[in-house]
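Taking it in order: structure first as structure tokens, then the write-up.
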Amino acid sequence: MLAHRGLFLDPDAMTLDIAWVRAQFPAFDEPSLQGQAFFENAGGSYTCRPVIDRLHRFYTQRKVQPYAPYDASRVGGEEMDEARARLADMLGVKTDEVSFGPSTTQNTYVLAQAVRQWRKPGQSIVVTNQDHEANSGPWRRLAQEGVPILEWQIDAETGELHLEDLTKLLERDVALVVFPHCSNVVGAINDVAAICKLAKAAGARTVVDGVSYAPHGFPDVGTLGCDVYLFSAYKTYGPHQGIMVIREDWGMALPNQGHHFNGGSLYKRFTPAGPDHAQVAASAGMADYFEALSAHHGGGKGANAARKSHDLMRAHEVAVLQPLLDYVSAKNSVRLVGPADASRRAPTVAMALETDAEDAAARLAPHGIMAGGGDFYAQRPLEAVGVDLSKGVLRVSFVHYTTASEVDALMAALDQVL
């Protein structure tokens, strides 16, 4: 049985139709990609057909300034509004609590500037050393302006975060706790609800980096208890946009970072520049895909589709991931970073080798394995668990469209390369 949100899910009811799934992604029909198994999804997923179709339609039929009264403009604006409304429903929040930006890092930077102005003198910000640097750096740089930064450190053996360590940090006057839903190299899924509850009891707000988790199913942000949840659409089968959920009570209390005349609009307050109209509109294609995935497996629409697709995706990933984790754990020449239990982690698997990881990735390529080697902007967690950064880690990452046969091919290739 697979435990999720306090429930036990029947695996027989959670069988993903993998052939149907792959038919929704044009990349699997692309001749130049035939015979290639894609294991670099943590860097960006393939784009689903509904997103591509919407993006093409916008550029060919609606490429005008939106929200004017003429048809092409009016419909373009309606498509942008549709994207926010449908994604908000799937994430369990209000429509105005969803905003778009050019990237998650950019959204985080803008948010950090607002927090810098909002925070009271002497208050600290807690960050972790489990984070991707691009999403941790904007907070750490506030130290240059006198903001006390406290580091919630991972376990040097497991790479995981422990609640008792956060409890000690919260004895200080903490304004904000920033942490990942899961790390892009450790892979362990953090208990977001428990962390947020602990922080809230201490009077602190919470910002969750969901970039490495959201590709494995949209979370019900409304039940997590966080004040902000950030993720990247290009990793959730969409266009290159950063998506930020910011809850209304805190979002309207933070200083406006947008144009002065947009100060009364929550979803515009943290967008200093204008939105990318086409990519925002195309993001509704992600909702199209999740609803189609749900319907194909007997589920509903909207929030129900998000929960159904989440559970289908996670159940498939766990089943396909466990053999790989068992294989890596049994190899003396490889150190697995993070948990060996697939139900406790995302299918983002970092391996410390005896040789250079980037070279190992290059040697996998002739075997039809697309993977990467290096530090993946995660120098802090890798150093904390004792990885030699000059060698880096070999990272293989997949999502729900990855098949068991592709994982078998990966393990066969690793046997030859390692």
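The values are calculated or read from the model by the stated rules, or taken from the named source; none is laboratory data. Small disclaimer: the values here were computed from a predicted structure and weren't measured. Because the Cβ atoms are built from the backbone with ideal geometry, glycine has one as well, and the counts that use them run over all protein chains shown. SASA here: full protein model, heavy atoms, side chains in, ligands and nucleic acids out. Shrake-Rupley method; radii C 1.70, N 1.55, O 1.52, S 1.80 Å.
Quick check, is Leu224 open to solvent by less than 10 Å² (accessible area, probe 1.4 Å) and either under 30 Å from Asp173 (Cα atoms) or not small (Gly, Ala, Ser) (or both)?
Details: open to solvent by less than 10 Å² (accessible area, probe 1.4 Å): no; either under 30 Å from Asp173 (Cα atoms) or not small (Gly, Ala, Ser) (or both): yes.
Considered against the rule, which asks whether it is open to solvent by less than 10 Å² (accessible area, probe 1.4 Å) and either under 30 Å from Asp173 (Cα atoms) or not small (Gly, Ala, Ser) (or both), Leu224 comes out as no.
Pull up region 340-365, narrow it to residues that are in a helix (DSSP H, G or I) and under 21 Å from Gly217 (Cβ atoms), then point me to the one that is most open to solvent (accessible area, probe 1.4 Å). Break it down into steps so the answer makes sense when it comes.
Keep residues of region 340-365 that are in a helix (DSSP H, G or I), which gives 342-344, 357-365.
Within this subset, residues satisfying the condition of being under 21 Å from Gly217 (Cβ atoms) are 342-344.
Details: Ala342: 0, Ser343: 53, Arg344: 103 Å².
Once the filter is applied, the top-ranked residue is Arg344.
Regarding region 241-248, can at least one residue be identified that is assigned by the TED database to the domain that holds Ala134 and farther than 20 Å from Ser136 by Cα?
yes
From the list Phe261, Phe270, which residue is within 20 Å of Ala175 (Cα to Cα) and not in a strand (DSSP E or B)? Full working, then the answer.
Details: Phe261 fails: within 20 Å of Ala175 (Cα to Cα).
On inspection, the qualifying residue turns out to be Phe270.
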Within the set of pairs 6 or more residues apart or between chains, which connect a residue that is in the same structural domain as Phe376 (by the TED database) inside region 21-46 to a residue that is open to solvent by 40 Å² or more (accessible area, probe 1.4 Å) and not in a helix (DSSP H, G or I) with Cβ atoms less than 6 Å apart? Gln36/Met370; Phe38/Met370; Phe39/Met370; Glu40/Met370
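Could you tell me whether Ala315 is of a type outside the set (Val, Ile, Thr), open to solvent by less than 40 Å² (accessible area, probe 1.4 Å) and in contact with a strand residue (DSSP E or B) (Cβ under 6 Å, 6 or more places away or on another chain)? Before you say what the answer is, go through the steps one by one.
Numbers: of a type outside the set (Val, Ile, Thr): yes; open to solvent by less than 40 Å² (accessible area, probe 1.4 Å): yes; in contact with a strand residue (DSSP E or B) (Cβ under 6 Å, 6 or more places away or on another chain): yes.
Judged against the criteria, Ala315 is a match.
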Wholly enclosed helices (runs of 4 or more DSSP H) of region 60-140 bearing at least 1 residues under 23 Å from Ser265 (Cβ atoms) and touching a residue at least 40 places away in the same chain (Cβ under 8 Å): 71-91, 104-118
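Filtering region 366-405 down to residues that are part of a strand (DSSP E or B) and touching a residue at least 60 places away in the same chain (Cβ under 8 Å), which residue is most open to solvent (accessible area, probe 1.4 Å)? Outline the logic, then answer.
At the first step, the residues of region 366-405 found to be part of a strand (DSSP E or B) are 369-370, 372-374, 393-397.
Retained after the next criterion (residues that are touching a residue at least 60 places away in the same chain (Cβ under 8 Å)): 369-370, 372, 393, 395-397.
Details: Ile369: 4, Met370: 50, Gly372: 8, Val393: 0, Arg395: 9, Val396: 0, Ser397: 2 Å².
This residue is Met370.
On the basis of being open to solvent by 50 Å² or more (accessible area, probe 1.4 Å) and free of Cβ contacts under 8 Å to residues at least 12 places away in the same chain, does Gly263 make the cut?
Considered against the rule, which asks whether it is open to solvent by 50 Å² or more (accessible area, probe 1.4 Å) and free of Cβ contacts under 8 Å to residues at least 12 places away in the same chain, Gly263 comes out as no.
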Mind checking which pairs have a first residue in region 281-304 that is touching a residue at least 60 places away in the same chain (Cβ under 8 Å) and open to solvent by less than 10 Å² (accessible area, probe 1.4 Å) and a second that is part of a helix (DSSP H, G or I) and aromatic (Phe, Trp, Tyr), Cβ under 7 Å, 6 or more apart or different chains? Ala281/Phe58; Ala282/Phe58
State the number of residues belonging to region 31-59 that are open to solvent by 60 Å² or more (accessible area, probe 1.4 Å) and not in a helix (DSSP H, G or I). 3
With the requirement that a residue be closer than 13 Å to Phe179 by Cβ and not hydrophobic (A, V, I, L, M, F, W, C), what does region 124-157 give you? Thr128, Asn129, Gln130, Asp131, His132, Asn135, Ser136, Glu151, Gln153
Write out, first by first residue and then by second, each pair whose Cβ atoms fall under 9 Å of each other, whose residues are 6+ apart or on separate chains, and whose first residue, in region 319-344, is more than 16 Å from Asp415 (Cβ to Cβ) while the second is crowded, with 17+ Cβ neighbours inside 10 Å and aromatic (Phe, Trp, Tyr). Val320/Phe398; Leu321/Phe398
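Name the residue, out of Ala278, Ala233, Ala273, Ala253, that is surrounded by fewer than 18 Cβ atoms within 10 Å (Cβ to Cβ), at pLDDT 95 or above and small (Gly, Ala, Ser). Full working, then the answer.
Values: Ala278 fails: surrounded by fewer than 18 Cβ atoms within 10 Å (Cβ to Cβ); Ala233 fails: surrounded by fewer than 18 Cβ atoms within 10 Å (Cβ to Cβ); Ala273 fails: at pLDDT 95 or above.
Result: Ala253 is the single residue among Ala278, Ala233, Ala273, Ala253 that is surrounded by fewer than 18 Cβ atoms within 10 Å (Cβ to Cβ), at pLDDT 95 or above and small (Gly, Ala, Ser).
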Considering each of Val185, Val174, Val211, Val192 in turn, give the residue that is under 21 Å from Phe270 (Cα atoms) and either touching a Phe, Trp or Tyr at 6+ places or on another chain (Cβ under 9 Å) or outside the structural domain of Asp341 (by the TED database) (or both). Val211
Just the residues that are more than 23 Å from Ala350 (Cβ to Cβ) and of a type in the set (S, T, N, Q), please, taken from region 115-147. Gln117, Gln123, Ser124, Gln144
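State which residue is nearest to Arg119 (Cα to Cα) when the search covers only region 181-211 and only residues that are charged (D, E, K, R) and free of Cβ contacts under 8 Å to residues at least 40 places away in the same chain. Talk me through it step by step, then tell me what you get.
Of all residues in region 181-211, those charged (D, E, K, R) come to 191, 197, 200, 205, 209.
Remaining after also requiring free of Cβ contacts under 8 Å to residues at least 40 places away in the same chain: 191, 197, 200.
Details: Asp191: 26, Lys197: 20, Lys200: 16 Å.
Applying the filter and picking the extreme gives Lys200.
Among the listed residues Glu133, Glu164, identify the single one that is within 27 Å of Ser329 (Cβ to Cβ) and acidic (Asp, Glu). Don't jump to the end; show me each part of the working.
Numbers: Glu133 fails: within 27 Å of Ser329 (Cβ to Cβ).
Glu164 is the lone residue from the list that is within 27 Å of Ser329 (Cβ to Cβ) and acidic (Asp, Glu).
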Region 273-298: number of residues that are in the same structural domain as Asn107 (by the TED database) and in a loop (DSSP other than H, G, I, E, B): 5
Given (1) buried (at least 16 other Cβ atoms within 10 Å of the Cβ); (2) modelled with pLDDT of 95 or more, index of the condition Ser136 fails: (2)
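Does Ala83 meet the test of being within 22 Å of the chain's Cα centre (by Cα) and farther than 21 Å from Gly217 by Cα?
Details: within 22 Å of the chain's Cα centre (by Cα): yes; farther than 21 Å from Gly217 by Cα: no.
It is false that Ala83 is within 22 Å of the chain's Cα centre (by Cα) and farther than 21 Å from Gly217 by Cα.
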